[in-house]
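Please read the structure below before turning to the comments.
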């Protein structure tokens, strides 16, 4: 991905020469002008023709899963700052899961909260727009603080706090629309990234040439993200896990053990994996599996900064079986974990998932759950079931089973959250439709 990004120029008020910080999963179109201290989070998409200049007011923050659409301008005054969700000062803060749509202007000092929608040609200047707000087309938001969850109609001019305080609440259909826009743009992000990768796009072109009937737009996000993995022995879920670990900045390792030593937990390391691309890591995993056929092989996720493991997941068993959701004993469960657990016999979850849960709880991580139906799964539009407050294994298992029962016929995934770093360490699908 060739990105037109440059350092901030030296000026009387700043000589930092700061450069953009772009997460490896983000997509930035080559026609975007990206200048200065701009942080782009995970899965951000920056569309063609945008101008994001942190050369006067600085820094800028754009949170994960946010989409910045065609013609958007983001700039800031040299004076004036807002406080971001991390407690630091910013010229412009745009939270996660937000949509800044075509030709909108965000001019700092400005704060746009998570899950906000800013409509076509609308302007936000010297203002705070609370989380979950919907601002429709051709609106002006200036010198005010809009409370969370408010609706601003097209053409509105909101320049006094009294006007802001009287705004109506966002309705459920408005929230669904905004959520849908985020999902659509995540599909576009995946598609653009795939189009730049020959290994990813070649199978799609071949399929189109053979069938002549399936349109490019009908290919779902899941396929675009994984089409380069068609020939992999590993299941799509394991490859997805690898991608997630790499996106979080974790290292990948592998270990193996024969059946006799498995009983004592005497695992041995395979060759070190230095690769950082998903395809290369998958190839290294398969090499370890081939070299140690007839043995257990497990995937290790390593937080190199904290010097601890965040994941141990068995990916091969002695019978040659590659562990995946399709081979688990209980339908709809995901590979994961190290050894079988006795508590698994009393739960609908597999032994591997129970072990994964144990590791998370032992590591002090929080547990959350999300669900999505088959249609919205294609756009990655997961909905939260809420964080599980329980800390005992039995109570957490019970809570997971309750969610699985409530959302029978849908995808359900387990989320592991590091409360200190405030980030996810695991996303694991535990039920499929």
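Results, tabulated for the structure shown:
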{"read-out": "Odd one out for residue 375, checked against (1) under 22 Å from the mean Cα position of the chain (by Cα); (2) touching a residue at least 12 places away in the same chain (Cβ under 8 Å)", "value": "(2)"}
{"read-out": "Criterion violated by residue 238 - all others in (1) in a helix (DSSP H, G or I); (2) modelled with pLDDT under 80; (3) surrounded by 14 or more Cβ atoms within 10 Å (Cβ to Cβ); (4) out of contact with any strand residue (DSSP E or B) (no Cβ under 9 Å at 6 or more places or on another chain) satisfied", "value": "(4)"}
{"read-out": "Search result, residues across the stretch 155-183 that are out of contact with any helix residue (DSSP H, G or I) (no Cβ under 7 Å at 6 or more places or on another chain), surrounded by 13 or more Cβ atoms within 10 Å (Cβ to Cβ) and under 30 Å from residue 26 (Cα atoms)", "value": "170, 174, 175, 177, 178, 179, 180, 181, 182"}
{"read-out": "Test for residue 107: is it surrounded by fewer than 24 Cβ atoms within 10 Å (Cβ to Cβ) and within 20 Å of residue 38 (Cβ to Cβ)", "value": "yes"}
{"read-out": "Boolean, residue 428 is in contact with a strand residue (DSSP E or B) (Cβ under 9 Å, 6 or more places away or on another chain) and touching a residue at least 60 places away in the same chain (Cβ under 8 Å)", "value": "yes"}
{"read-out": "Residues located in the stretch 399-422, provided they are in a strand (DSSP E or B) and either under 10 Å from residue 365 (Cα atoms) or in the same structural domain as residue 249 (by TED's automatic domain parsing) (or both)", "value": "415, 416, 417, 418"}
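Condition check ((1) over 26 Å from residue 316 (Cβ atoms); (2) touching a helix residue (DSSP H, G or I) at 6+ places or on another chain (Cβ under 6 Å); (3) at pLDDT below 85) across all residues:
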{"site": "348", "(1), (2), (3)": "no, yes, yes"}
{"site": "354", "(1), (2), (3)": "no, yes, yes"}
{"site": "365", "(1), (2), (3)": "no, no, no"}
{"site": "371", "(1), (2), (3)": "yes, no, no"}
{"site": "377", "(1), (2), (3)": "yes, no, yes"}
{"site": "384", "(1), (2), (3)": "yes, no, no"}
{"site": "398", "(1), (2), (3)": "yes, no, yes"}
{"site": "404", "(1), (2), (3)": "yes, no, no"}
{"site": "412", "(1), (2), (3)": "no, yes, no"}
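The values are calculated or read from the model by the stated rules, or taken from the named source; none is laboratory data. Owing to the predicted nature of the structure, the values given are computational and were not obtained by experimental measurement. So basically every Cβ, Gly included, is an ideal-geometry build from the backbone, and we count neighbours across all protein chains shown.
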